[in-house]
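S.K.: The structure is given below, and queries will be raised subsequently.
The values are calculated or read from the model by the stated rules, or taken from the named source; none is laboratory data. Keep in mind that what you see is a predicted model, and the values were worked out from it rather than measured. When we count neighbours, we look across all protein chains shown, and the Cβ atoms used for this are built from the backbone with ideal geometry, even at glycine.
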Amino acid sequence: MNHSKKILFIITLSIPLCAKIVEYNFDINYKKVSFAGKPVTAMAIDNCIPGPTIEAHEGDTLRVTFHNKMNVETSIHWHGILLPNDQDGVPYITTPPIKKHKFFTYEFKVKQAGTYWYHSHTGLQEQLGIYGALVFHPRKGEKIKTDNDQVLLFSDWTNEKPSRVLAHLKMDGDYYALKKGTVLSWDKVIKNGLPAIKNKLSGAITRMGLMDISDIGYDAFLTNGKQTEYLKVQPDETVRLRLINAAASTYFNIEFAGGPMTIVAADGLDIIPQKVKRLRMAVAETYDVIIKISEKKSYELRATAEDGTDYSSTFIGIGKKVFAPNIPRPNLFLMRHDKHKNHTKKNHTQKHDTIKHMTDYAKLRSVTKTSLPENQTTKKIEIQLTGTMDGYRWSFDNKIFLEQSNIEINKEENVHFILNNKTMMHHPIHLHGHFFQVLNGQGDYAPLKHTVDIPAMDTVEIAFDANENHHWLFHCHNLYHMLAGMMRTISYKHSTPLTEKKIKLFSHDPWYYFSDMTTLSQMILGEIRLLNTRNSFELEYDYNYKHEYDIELRYFRNFTKFFDAYIGAEFERDACIKKCVCCSKTTKRILKKPEKIFVLGIRYMLPLLIQSDLRVSSKGRGRLALRSKLHLTARNFFEWSWNTDNEYRFALSFEAHKHLLFMVAYDSDFKWGAGLRVRF
């Protein structure tokens, strides 16, 4: 056998004589939905969310035409499918977008069996509803026979426009913490005792903060587009459940009330069956599991968001409902940075429990050998997963897609990616057009996947046979991380380079505007910011009703998650007080002439999450400023600032709403005051 085709052979069969053309025609249009108690506009395929399940057999030719009835362009990517590069569905990179009021026909030979899915790769449309299931059946039938075969497609839903969600995260990475109930405040730290206090201080010293699991506060979690789904199954029947995590950014814990589930396939490909009590699914993964309905009851399969905020339910069977157990919310205060190592090499079990909770890939084992060709050279590439919630910047090797768009490889070599996660978030990493080994200690039987979870502060190694051509997208499948810049193309050497125009048409770095204005009894102060990934313009101002003011306008350039440099100007007007020579009493308050200076400086995050600002002015004067923010409770936080000009301010705020706060503050120049703070 030609070694370069070995992995492809593992997951394909010879083209049978009975292969046929399978055709579908769909419309993509807007749709009003009320998934979470509020009518909003979504996007749907043939008026369905999720879209219709597309089915075919190995060897068939699949031909699907999408008619775009919307007033924006769209696209369809075939997730996990081996197909010609120009059918992959990444707009401008591999396939033309489907222009508004136009149509496009995708056509490719089905080379594999299994459970997969399809979705838009245009902007945030996947979050809005453009996704659906793919089921490709083996030509000779499933090796494990069941009485029933069902698709369960999990997703997350927000009533907000996804573009506003991303804008809110850009404004404040912890914007949704209050909604999720995950504000890491000091009252809860103290309530959780000494270990939590140590974690809090350790995180602050290392400038990492405490752990969090999710970015967004969702309004609902869905299975097949419903918060509660029902599957009618008779007693004593066995069921193949095709589980698909089509969420934009949510990991799910799956548990079945009727007993353990048997995993028989991961990302579409067969594995040695594994019994599990609970299955953890990263974004964009698929698993096939077998369950048995033992009695005349309706058993709940519960998909709980990993942050514990809510879940969706599927009741399988007939009769009285049997509920799955509640999964306790993770205690973020007791989660340590060093407890996320070697998830591909260790097996985590509950004490005295012979049925595993599958939280990693250690036990996944392919049914056939997956070893790479022995006669090819090996190329190892280390890739750091980087980013920060501050400014919501996500990247590979500290560069977003627009700064470095490709990773070059050679055809017919064995490529190893060492994925080193330097962030406090999990990242589901997906490679288009290829399956890769997850090197989990199973040797020649390492599982083949197209999507792999990289835990926080952990390293995972994957390897694949570079047997393609052209450019294939490689990215975090957290939709918001990807749009923020965590993606590349895997570019085969000698392929026609992607033009800068195509790259910019596919990926954008938009500007975001934010304003924070406080009106107090003794002064007005505020900030206006305009920023994208690396650049920001910031205007800060103070005014005290006596015509004294201080206005700073600065341009910042970001270099790392801790370091920015800036240039700007300051406009200031103070008052001087004349006193009587005899009695030292104040006689007259006189406004000084407005002063203008230019400044050059750096901003750097210190241990304990203290923001430092060191600058020099056009008059040759240096100044060091420090500031910090401490959450005392979920809604109350304390802010302070100080500089070497002996100016200082401290304030206590109560967050009545994300956009409205009550504030009490003391300023060294303007003294005590109270009032309202508005953010938008």
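To keep it simple, each residue is scored yes or no on (1) outside any strand (DSSP E or B); (2) hydroxyl-bearing (S, T, Y).
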position	(1), (2)
M482	yes, no
T489	no, yes
P510	yes, no
S515	no, yes
T519	no, yes
L525	no, no
H547	yes, no
D550	no, no
F556	no, no
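S.K.: Moving to a separate point now. Please indicate, with yes or no, whether at least one residue in the stretch 97-106 is crowded, with 16+ Cβ neighbours inside 10 Å, touching a residue at least 40 places away in the same chain (Cβ under 8 Å) and over 22 Å from K504 (Cβ atoms). Full working, then the answer.
M.R.: To start, the set of residues in the stretch 97-106 that are crowded, with 16+ Cβ neighbours inside 10 Å comprises 97-98, 104, 106.
Of the ones still in play, those that are also touching a residue at least 40 places away in the same chain (Cβ under 8 Å) are 98, 106.
Okay, now just the ones that are also over 22 Å from K504 (Cβ atoms), so 106.
Yes, the stretch 97-106 has at least one match.
S.K.: Here's a follow-up. Any idea which residue in the stretch 620-650 is nearest to Y549 (Cα to Cα), counting only those that are small (G, A, S) and over 33 Å from the mean Cα position of the chain (by Cα)? Working first, answer last.
M.R.: Applying the first criterion (small (G, A, S)) to the stretch 620-650 yields 620, 622, 625, 628, 634, 641.
Remaining after also requiring over 33 Å from the mean Cα position of the chain (by Cα): 620, 622, 625.
On the way: G620: 22, G622: 21, A625: 18 Å.
The extreme case among them is A625.
S.K.: Of the residues Y311, Y299, Y287, which single one is of a type in the set (F, W, Y), in contact with a Leu (Cβ under 7 Å, 6 or more places away or on another chain) and crowded, with 21+ Cβ neighbours inside 10 Å? Give the steps one after another, and end with the answer.
M.R.: Numbers: Y311 fails: in contact with a Leu (Cβ under 7 Å, 6 or more places away or on another chain); Y299 fails: in contact with a Leu (Cβ under 7 Å, 6 or more places away or on another chain).
Of the residues listed, the single one that is of a type in the set (F, W, Y), in contact with a Leu (Cβ under 7 Å, 6 or more places away or on another chain) and crowded, with 21+ Cβ neighbours inside 10 Å is Y287.
S.K.: Give me the strands (runs of 3 or more DSSP E) completely within the stretch 619-680, filtered to those with at least 3 residues that are surrounded by fewer than 16 Cβ atoms within 10 Å (Cβ to Cβ) and in contact (Cβ under 8 Å) with a residue 60 or more places away in the chain, ordered by residue number.
M.R.: Numbers: elements: 622-631, 636-643, 648-657, 660-667, 671-679.
It comes to 671-679.
S.K.: Next question, about the same structure. Here is a list of conditions, (1) buried (at least 24 other Cβ atoms within 10 Å of the Cβ); (2) modelled with pLDDT under 95, and T250 meets all of them except one; can you say which number that is?
M.R.: (2)
S.K.: Here's another thing I want to ask about it. Surrounded by 15 or more Cβ atoms within 10 Å (Cβ to Cβ) and either among the small types (G, A, S) or on the phi > 0 side of the Ramachandran plot (or both): which single residue out of S521, S536, S515 fits that description?
M.R.: Numbers: S521 fails: surrounded by 15 or more Cβ atoms within 10 Å (Cβ to Cβ); S515 fails: surrounded by 15 or more Cβ atoms within 10 Å (Cβ to Cβ).
Sole residue among the options that is surrounded by 15 or more Cβ atoms within 10 Å (Cβ to Cβ) and either among the small types (G, A, S) or on the phi > 0 side of the Ramachandran plot (or both): S536.
S.K.: Another one. For the stretch 190-223, what are the residues that are under 23 Å from H477 (Cα atoms), buried (at least 21 other Cβ atoms within 10 Å of the Cβ) and either touching an Asp or Glu at 6+ places or on another chain (Cβ under 8 Å) or not aliphatic (A, V, I, L, M) (or both)?
M.R.: D212, I213, S214, D215, I216, Y218, F221, L222, T223
S.K.: Same structure, new question: Pairs please, first residue from the stretch 445-461 and on the phi > 0 side of the Ramachandran plot, second anywhere and among the β-branched types (V, I, T), Cβ atoms under 8 Å, 6+ apart in sequence or on different chains.
M.R.: M457/T423
S.K.: Might you let me know whether the stretch 307-330 holds any residue that is part of a loop (DSSP other than H, G, I, E, B), among the hydroxyl-bearing types (S, T, Y) and touching a residue at least 12 places away in the same chain (Cβ under 8 Å)? Please lay out each step first, then the result.
M.R.: So in the stretch 307-330, the residues part of a loop (DSSP other than H, G, I, E, B) come out as 307-310, 318-319, 323-330.
When the remaining residues are screened for being among the hydroxyl-bearing types (S, T, Y), the result is 309.
Right, trim to touching a residue at least 12 places away in the same chain (Cβ under 8 Å) and you get 309.
Yes, there is a match, as at least one residue in the stretch 307-330 is part of a loop (DSSP other than H, G, I, E, B), among the hydroxyl-bearing types (S, T, Y) and touching a residue at least 12 places away in the same chain (Cβ under 8 Å).
S.K.: Residues in the stretch 140-159 that are among the acidic types (D, E) and buried (at least 19 other Cβ atoms within 10 Å of the Cβ): how many? Break it down into steps so the answer makes sense when it comes.
M.R.: Our first condition is that a residue be among the acidic types (D, E); within the stretch 140-159, this holds for 142, 147, 149, 156.
With buried (at least 19 other Cβ atoms within 10 Å of the Cβ) added as a condition, the list becomes 156.
Looking only at that region, the number is 1.
S.K.: Then there is this: Can you tell me which condition K380 does not meet? The list is (1) of a type outside the set (S, T, N, Q); (2) out of contact with any Ser or Thr (no Cβ under 6 Å at 6 or more places or on another chain); (3) under 23 Å from N535 (Cα atoms), and all the others hold.
M.R.: (3)
S.K.: Can you tell me which residues in the stretch 392-403 are in contact (Cβ under 8 Å) with a residue 40 or more places away in the chain and touching a strand residue (DSSP E or B) at 6+ places or on another chain (Cβ under 7 Å)?
M.R.: R393, W394, S395, F396, N398, F401
S.K.: Identify, please: which residue in the stretch 338-356 is surrounded by 17 or more Cβ atoms within 10 Å (Cβ to Cβ) and out of contact with any Pro (no Cβ under 8 Å at 6 or more places or on another chain) and is, among those, modelled with the highest pLDDT?
M.R.: Only one residue fits best here, namely K356.
S.K.: Hey, another quick one. Looking at the stretch 464-508, which of the residues that are closer than 21 Å to L128 by Cβ and surrounded by fewer than 16 Cβ atoms within 10 Å (Cβ to Cβ) is nearest to the chain's Cα centre (by Cα)?
M.R.: So the residue we want is H508.
S.K.: Additional query: Does any residue of the stretch 289-307 turn out to be within 27 Å of L210 (Cβ to Cβ) and in contact with a helix residue (DSSP H, G or I) (Cβ under 8 Å, 6 or more places away or on another chain)?
M.R.: Looking through the stretch 289-307, at least one residue is within 27 Å of L210 (Cβ to Cβ) and in contact with a helix residue (DSSP H, G or I) (Cβ under 8 Å, 6 or more places away or on another chain).
S.K.: Right, next: For the stretch 107-135, how many residues are buried (at least 20 other Cβ atoms within 10 Å of the Cβ), in a strand (DSSP E or B) and not β-branched (V, I, T)?
M.R.: Residues flagged as buried (at least 20 other Cβ atoms within 10 Å of the Cβ), in a strand (DSSP E or B) and not β-branched (V, I, T) within the stretch 107-135 amount to 9.
S.K.: Okay, moving on. Might you let me know whether the stretch 542-555 holds any residue that is under 23 Å from M389 (Cα atoms), touching a strand residue (DSSP E or B) at 6+ places or on another chain (Cβ under 7 Å), surrounded by 20 or more Cβ atoms within 10 Å (Cβ to Cβ) and of a type outside the set (G, A, S)? Can you show your working first?
M.R.: Initially, the stretch 542-555 is screened for residues under 23 Å from M389 (Cα atoms), giving 554-555.
Applying the additional criterion that residues be touching a strand residue (DSSP E or B) at 6+ places or on another chain (Cβ under 7 Å) yields 554-555.
Among the residues that remain, those that are also surrounded by 20 or more Cβ atoms within 10 Å (Cβ to Cβ) are: 554.
Next, from what is left, pick out any that are of a type outside the set (G, A, S): 554.
There is at least one residue in the stretch 542-555 that is under 23 Å from M389 (Cα atoms), touching a strand residue (DSSP E or B) at 6+ places or on another chain (Cβ under 7 Å), surrounded by 20 or more Cβ atoms within 10 Å (Cβ to Cβ) and of a type outside the set (G, A, S).
S.K.: Report whether or not I81 is of a type outside the set (F, W, Y), outside any helix (DSSP H, G or I), closer than 21 Å to F436 by Cα and at pLDDT 95 or above.
M.R.: yes
S.K.: With respect to S34, determine if the residue is loosely packed, with under 14 Cβ neighbours inside 10 Å and among the small types (G, A, S). Let's see the steps before the verdict.
M.R.: Numbers: loosely packed, with under 14 Cβ neighbours inside 10 Å: yes; among the small types (G, A, S): yes.
Yes.
S.K.: On to the next question. Please verify whether the stretch 136-148 includes one or more residues that are part of a strand (DSSP E or B) and closer than 25 Å to K31 by Cβ. Before you say what the answer is, go through the steps one by one.
M.R.: Pass one, the stretch 136-148, residues part of a strand (DSSP E or B): 136-137, 148.
Filter once more, so that each one left must be closer than 25 Å to K31 by Cβ: none.
No, that holds for no residue.
S.K.: Now for a different question. Kindly check whether there is at least one residue in the stretch 486-494 that is without any contact (Cβ under 8 Å) to a residue 40 or more places away in the chain, on the phi < 0 side of the Ramachandran plot and not acidic (D, E).
M.R.: Scanning the stretch 486-494 turns up no residue that is without any contact (Cβ under 8 Å) to a residue 40 or more places away in the chain, on the phi < 0 side of the Ramachandran plot and not acidic (D, E).
S.K.: Show the residue pairs meeting these rules: Cβ distance below 8 Å; 6+ apart or different chains; first residue within the stretch 68-87 and in the same structural domain as A44 (by TED's automatic domain parsing); second residue among the hydrophobic types (A, V, I, L, M, F, W, C) and at pLDDT below 95.
M.R.: L82/L8; L82/I11
S.K.: Taking the stretch 406-458 as the search range and keeping residues that are at pLDDT 95 or above and of a type in the set (S, T, Y), which one is nearest to T286 (Cα to Cα)?
M.R.: So, considering only residues that are at pLDDT 95 or above and of a type in the set (S, T, Y), the one nearest to T286 (Cα to Cα) is T451.
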